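The values are calculated or read from the model by the stated rules, or taken from the named source; none is laboratory data. Keep in mind that this is a model prediction, so the values were computed, not measured. Cβ sites come from the backbone with ideal geometry, for glycine too, and all protein chains shown count toward neighbours.
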Amino acid sequence: MTERIVIAGAGHAAGQIVATLRQQKFAGQIVLVGDEPYLPYQRPPLSKKFLAGDMPAERLYVKPASFYEDPQIEIQLNTTITAIDRNAKKLEVEDGDDISYDKLVISLGSRVRSLPVEGADLKSVHYVRSIADVEGIRAELDVGKRLVVIGAGYIGLEVAAVARKLGLDVTVVEMADRVMSRVVSPEISDFYQIEHANQAVKLRLSTNVAALRGKKRVKRVDTADGEEIPADLVVVGVGILPNTEIAEEAGLDVDNGIVVDDRCQTSDPDIYAVGDCTAHPNAIYGRRIRLESVHNALEQAKTAASNLCGKETHYSDVPWFWSDQYDLKLQIAGLSEGYDDVVIRGNPAERSFACIYLREGRIIAVDAVNAPKDFLQSKALIAARTVISTDKLADAETSLKELATDA
């Protein structure tokens, strides 16, 4: 019988694990261990509403502090885990006693990829990963200041959009030849490049950063092609790395993430893992994938908690993501990697359209811009690997739900 479940990590997924364990009437002890001083909170609003000042910090939390006021719940914050001793079934931590477990859930998430150039440690150089990170950026978002964003992925462009709305001068530097190149098609990239240019964001594509310059505080960004871009502050958004080192050192299977099955169980039957740090099998795409997705983290958390409570549960969902930039909501269903055809549904000039991606005639993903119905209705088509003619898909007057019925 499982009497003590320890959750390594205190992010959004960890909060969901605690909530699901309580919903499932788990009667044992729950121990939550995190290295930040905060209870589990949502990260997506950090680069959106929280950065803009439209959301107070208390609304970020998954559950209020009172939720954890239970004699069966133990919270250990500001605690860094250094190792997993699988034989003794305990976590080793810095400056504290070992933490024993009957079952362990690894929910360590990911960390920002640092910028490997001279000057990256200057003051006013920021990353976006925690509440403290964003509070540091917000303190410097004054009208007229010159912001350079390094990286044109979701985070970088969301920061750029917020900063422009607040009246800053914004330049975005991206090494790829288009924005969000890792996750969207050229059609979507072109649309967003135009939107940001219309908002007076200066885009420097196909551009590498050579160094950040300044005595104590950053003053400019030097590019590899010789441009010197003045900067009062810099925000770096060049990707994240999964926190898998402790799992690998403990001998768990790791392959671009901690390897788990569809029950979120690792190669050790007493250890589960969830979220950004995991690689899980996806039946829809027929391969193992690692997702940087809140939806994935939460659903894996529910799956792991249910299985820990003896309720056999298997995880196999269509991945989905979203990004808010200005008054545009980009919603992505599925994974477009490897597509061989794309259908544009609607009119980008009207700022409401969708790109539907196909491989060998089957729908594998949809990017929807201000088109929530197409996003929602596409999930069933992707899960069913539906074949629909491109002519029908392009007809925005007919709903995807109707097309699915006819397929």
Filtering the range 7-36 down to residues that are in a strand (DSSP E or B) and touching a Ser or Thr at 6+ places or on another chain (Cβ under 8 Å) yields Ile7, Ala8, Val33
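Looking only at residues that are of a type in the set (Lys, Arg) and part of a helix (DSSP H, G or I) in the range 37-74, which one is farthest from Arg4 (Cα to Cα)? Before the answer, list the steps.
If we filter the range 37-74 for residues that are of a type in the set (Lys, Arg), which is where we start, we get 43, 48-49, 59, 63.
Right, trim to part of a helix (DSSP H, G or I) and you get 49, 59.
Values: Lys49: 37, Arg59: 30 Å.
Residue satisfying both the conditions and the ranking: Lys49.
Let's see how each residue does on (1) more than 25 Å from the chain's Cα centre (by Cα); (2) among the polar types (S, T, N, Q); (3) not assigned by TED's automatic domain parsing to the domain that holds Arg182:
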{"position": "Ala333", "(1), (2), (3)": "no, no, yes"}
{"position": "Tyr357", "(1), (2), (3)": "no, no, yes"}
{"position": "Gln377", "(1), (2), (3)": "no, yes, yes"}
{"position": "Thr390", "(1), (2), (3)": "yes, yes, yes"}
{"position": "Ala394", "(1), (2), (3)": "yes, no, yes"}
Being without any contact (Cβ under 8 Å) to a residue 40 or more places away in the chain and either of a type in the set (A, V, I, L, M) or over 23 Å from Phe191 (Cα atoms) (or both) is the filter here, so list the residues in the range 377-391 that pass it.
Ala380, Leu381, Ala384, Thr386, Val387, Ile388, Ser389
Those residues of the range 69-104 which are in contact (Cβ under 8 Å) with a residue 60 or more places away in the chain, over 13 Å from Asp268 (Cβ atoms) and in contact with a Ser or Thr (Cβ under 7 Å, 6 or more places away or on another chain), in sequence order
Val93
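Please work out if Ala383 is out of contact with any strand residue (DSSP E or B) (no Cβ under 6 Å at 6 or more places or on another chain) and surrounded by 13 or more Cβ atoms within 10 Å (Cβ to Cβ). Explain how you work it out, then say what you get.
Values: out of contact with any strand residue (DSSP E or B) (no Cβ under 6 Å at 6 or more places or on another chain): yes; surrounded by 13 or more Cβ atoms within 10 Å (Cβ to Cβ): yes.
Here the answer is yes, as Ala383 does meet what is asked.
Between Leu115, Leu168, Leu104, Leu141, which is in contact with a helix residue (DSSP H, G or I) (Cβ under 8 Å, 6 or more places away or on another chain), crowded, with 18+ Cβ neighbours inside 10 Å and not basic (Lys, Arg)? Talk me through it step by step, then tell me what you get.
Details: Leu115 fails: in contact with a helix residue (DSSP H, G or I) (Cβ under 8 Å, 6 or more places away or on another chain); Leu168 fails: in contact with a helix residue (DSSP H, G or I) (Cβ under 8 Å, 6 or more places away or on another chain); Leu104 fails: in contact with a helix residue (DSSP H, G or I) (Cβ under 8 Å, 6 or more places away or on another chain).
Answer to the selection: Leu141.
Every residue in the range 197-213 that is outside any loop (DSSP other than H, G, I, E, B) and without any contact (Cβ under 8 Å) to a residue 40 or more places away in the chain, please. Give the steps one after another, and end with the answer.
Within the range 197-213, the first condition is being outside any loop (DSSP other than H, G, I, E, B), and the residues that meet it are 197-198, 202-204, 209-213.
Result: Ala197, Asn198, Lys202, Arg204.
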Residues satisfying the stated conditions in the range 286-325, i.e. touching an Asp or Glu at 6+ places or on another chain (Cβ under 9 Å), assigned by TED's automatic domain parsing to the domain that holds Lys49 and in a loop (DSSP other than H, G, I, E, B):
Arg290, Leu291, Glu292, Ser293
Name the residue that is surrounded by the most Cβ atoms within 10 Å (Cβ to Cβ), counting only residues in the range 329-354 that are touching a Phe, Trp or Tyr at 6+ places or on another chain (Cβ under 8 Å) and within 29 Å of Gly167 (Cβ to Cβ).
Leu330
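Filter the range 267-315 down to residues that are hydroxyl-bearing (Ser, Thr, Tyr) and under 18 Å from the mean Cα position of the chain (by Cα) and give me whichever is surrounded by the fewest Cβ atoms within 10 Å (Cβ to Cβ).
Going residue by residue through the range 267-315, those that are hydroxyl-bearing (Ser, Thr, Tyr) are 267, 272, 278, 285, 293, 303, 306, 313, 315.
Okay, now just the ones that are also under 18 Å from the mean Cα position of the chain (by Cα), so 278, 293.
Working: Thr278: 32, Ser293: 19.
Per the stated criteria, the residue is Ser293.
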Checking Leu233, Leu212 in turn, the sole residue that is in contact with a Gly (Cβ under 6 Å, 6 or more places away or on another chain) and surrounded by 17 or more Cβ atoms within 10 Å (Cβ to Cβ) turns out to be Leu212
Name the residue that is surrounded by the fewest Cβ atoms within 10 Å (Cβ to Cβ), counting only residues in the range 236-260 that are within 21 Å of the chain's Cα centre (by Cα) and of a type in the set (Asp, Glu).
Asp255
